[in-house]
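The block underneath contains the structure these notes are about, expressed in structure tokens.
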Amino acid sequence: MRIIVVAVLWLVALASATLVGVFSPWWLFLTVPLLAAAVLGAYDLIQRRHSVLRNYPVLGHMRFLLEALRPELQQYFIERNFDGRPYDRDVRSIVYERAKGTDAEEPFGTELDVYAAGHEFLAASIAPVPVPEQPPRVRIGGPDCTKPYDMALLNVSAMSFGSLSANAVLALNKGAKLGGFAHDTGEGGLSEYHLRHGGDVVWEIGTGYFGCRTKDGDFDEREFADKAAHDSVRCVSLKLSQGAKPGVGGVLPGSKVNAEIAKVRDVPQGQTVNSPPYHRVFDTPRELVRFIAHMRELAGGKPTGFKLCLGSRQQFLAVCKAMLDEGTTPDFIIVDGAEGGTGAAPLEYADNLGTPLTEGLITVHNALVGAGLRDRIRIGASGKVATGSDIVKRLLQGADYTNAARAMMFAVGCIQAQRCHTNRCPVGVTTQDPRRARALDVEDKSLRVQRFQQSTVHSAVQIMSSMGLRSPDQLRPHMLCRRTDPVTVRTYAELYHWLRPGELLSEPPKGWAPDWAAADPDRFAM
């Protein structure tokens, strides 16, 4: 708006100069800008919106200019290779290089301070083993599942059509098809862009039940069953909460609900869509477990699970008790960390709510082990997974496989401009603006997604081989170390208490006993 005001004032001044017959090149470049500045200064003095402009007319606009340029100045000129946020330049570079098929190597040694508190490292073996020709896969499907699925170690995490452009979704799904890994739809519905190329799909259902929703916003069983029967839908997932904003429902402004998005989400075109923070289909842990089992029946026996950002350990233990009582379990649970990404979230939520992935993953893994349920349920981990070492660390902490969202966005061209919520993504990834979205070439970017996933999984397998391991099943907590101060290094086996199978059922340890005793399968209590 300020730029428009200045331009209009400049044109007015130019027209005035022409009328009085004093127009000349020198007048144009000297007098007119001064006149425009004088008019702008007068406007600044009488406007009431910005105090800084009333006290510092004209010059005060420099503040707004520098503020607008601050993210770019920070990223390109100030931050070091290893301390940028949310992702540093080293991580972004390794994703870009792997996606392009170029070398992802670092000369002259690490830039990290390996003696700083918090530095983590994996234990290398004196006797490495050969890298297997084929990367391992994870069988998803418990006793009640009739159509199990073999999941890759790294997959595309939940990102909705609507949050992402159609071209971005197409590129991700074609990449998944080329590489043989899974593509989570996010909660925005199952669109034709998720199905066109035939990539394996994990259909996520959120609190808005988009794509299987009645006119009143309830879960539509018949529509869900029809769509879940599609050959490309390999798993179905119920989203309980998201890492970056647990307990917050989404709002899609009516201006963004075009005919295509309205059709995919089963909502009226042009009307604002509110996604509630809670589910209508269950109120208790027992009802949640029963609904997961019902979803699996409606999906024809395909693997069914849920996703959450852990909050209360007691509540999750209540879900475990409900599984034991009902005699049924989900086939998988996806643990999302508080460091996970989103297109938009309240700052207070992103910074202060939810459990980070390390603690959330270890807690869920321990709870299932202690309840004697771990062998029936696979665990996925999502939250800043971008490199092979990230995969290995999460597998060691209790996961069976991992998902990545922002790293996959980097692979399709994201430059971390952090304009996802504005509809003005400069590279066409997170926008519904056709002009911006057309910049994303599906054929090229799908190959980059495939190459990034393949290279990153190979890196993870290579790291495990360097640790002397032939399979992810051999990973143990003592193989990951953390420096706690300049002279002390402790392993994850020492830092965290790891439960034995069935320990909660026989003799809960002191640190777990109060939460286990208080956990009630018939209510969510903190």
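The values are calculated or read from the model by the stated rules, or taken from the named source; none is laboratory data. For clarity, every value in this text was computed on a predicted model and none was experimentally measured. For neighbour counting, all protein chains shown are included, and Cβ atoms are generated from backbone atoms with ideal geometry for every residue, glycine included. Protein only, heavy atoms only, side chains kept; ligands, DNA and RNA dropped before computing areas. Shrake-Rupley method; radii C 1.70, N 1.55, O 1.52, S 1.80 Å.
List of remarks:
- The lysines whose alpha-carbon is closer than 30 Å to the alpha-carbon of residue 263, local same-chain residues fewer than 8 away aside, are 147, 174, 177, 215, 227, 239, 245, 302, 307, 445.
- The peptide list 153-165, 121-133, 514-526, put in order of mean Cβ contacts within 10 Å with the highest first, becomes 153-165, 514-526, 121-133.
- When both the stretch 101-168 and the stretch 475-495 are represented by their alpha-carbon centers, they are found 21 Å apart.
- Taking the average, over residues, of other Cβ atoms within 10 Å as the packing measure, peptides 52-65, 314-327 rank 314-327, 52-65 from highest down.
- Measuring nothing but alpha carbons in the stretch 371-434 and taking Rh as the Kirkwood radius, the Rg to Rh ratio lands at 1.17.
- By accessible area, using a 1.4 Å probe on protein heavy atoms only, the chain has 55% of its surface on carbon and sulfur.
- Among 357, 314, 230 - extreme Cα towards positive end, dipole of the chain, charges at beta-carbon: 230
- In the context of the full set of protein chains, residues of the chain present 48 Å² of accessible surface per residue (probe radius 1.4 Å, heavy atoms only).
- Hydrodynamic radius (Kirkwood) for the stretch 340-396, which is based on Cα pairs only, to one decimal in Å: 13.0
- Multiplying each eigenvalue of the alpha-carbon gyration tensor of the stretch 289-411 by 5 and taking the square root yields semi-axes of 25, 16, 15 Å, largest first, rounded to whole angstroms.
- Ligands, DNA and RNA excluded, the heavy atoms of residue 43 present near 110 Å² of accessible surface to a 1.4 Å solvent probe.
- The smallest convex shape that holds all Cα atoms of the stretch 119-278, its convex hull, gives 169 Å³ per residue.
- Against the chain, whose longest principal axis is taken from its Cα atoms, helix 442-466 shows a tilt of about 50°.
- Each Cα pair of the stretch 59-106 feeds into the Kirkwood radius, which the Stokes-Einstein equation turns, at 20 °C and 1.002 mPa s, into a diffusion coefficient of 172 µm²/s.
- In the stretch 211-358, one over the average inverse separation of all distinct C-alpha pairs is 16.7 Å, which is the Kirkwood hydrodynamic radius.
- Along its first, second and third principal axes, ordered by size, the stretch 262-334 spans 45, 31, 20 Å in Cα coordinates.
- For the chain, averaging the sequence separation of C-alpha pairs within contact (under 8 Å, six or more residues apart) and dividing by the residue count gives a relative contact order of 19 percent.
- Whole-Hz couplings from phi, Karplus 6.51/-1.76/1.60, listed for the stretch 214-230; x for Gly and Pro: 7, 4, 8, x, 8, 6, 9, 4, 5, 5, 4, 4, 4, 6, 5, 6, 4
- Over the chain: helical MRE at 222 nm, DSSP H runs n ≥ 4 each giving -39500 (n - 2.57), nearest 500: -11500 deg cm²/dmol
- Interchain or long-range residues, amide H under 5 Å from residue 379's placed H: 333, 400, 401
- Square roots of 5 times each gyration tensor eigenvalue, C-alpha, the stretch 170-251, largest first, Å: 22, 16, 10
- Per-residue surface analysis assigns residue 459 an accessible area of about 20 Å², computed on protein heavy atoms at 1.4 Å probe radius.
- Net charge dipole, the chain: roughly 980 debye, given to the nearest 20, about the Cα centre with Cβ charges of +1 for Lys and Arg and -1 for Asp and Glu.
- Vicinal HN-Hα couplings computed from phi for the stretch 270-277 (Karplus, 6.51 cos²θ - 1.76 cosθ + 1.60; Hz; Gly/Pro x): x, 9, 4, 10, 9, 9, x, x
- From the alpha carbon centroid of the stretch 247-297 to that of the stretch 365-417 is 25 Å.
- Treating each Cα of the stretch 203-253 as one equal point scatterer and applying the Debye formula with no solvent, the log10 of I(q)/I(0) at q = 0.18, 0.20, 0.23, 0.29 Å⁻¹ comes out as -0.65, -0.77, -0.93, -1.16.
- Over all other residues within a Cβ to Cβ distance under 14 Å of residue 237, the charged ones net out to +1, with Lys and Arg as +1 and Asp and Glu as -1.
- Between 0 and 90 degrees, the angle of helix 61-73 with respect to the longest Cα principal axis of the chain falls at about 40 degrees.
- Ordering 211, 477, 281 by Cα displacement along the dipole of the chain toward the positive end leaves 211 in first place; charges were set at the Cβ atoms of Lys, Arg (+1) and Asp, Glu (-1).
- Relative packing of peptides 402-413, 426-437 - highest average C-beta neighbours within 10 Å first: 402-413, 426-437
- For the chain, diffusion coefficient by Stokes-Einstein and Kirkwood Rh (Cα), 37 °C, 0.692 mPa s, µm²/s: 129
- Crossing angle, helix 89-100 versus the chain [Cα axis fit, 0-90 degrees, rounded to tens]: 80
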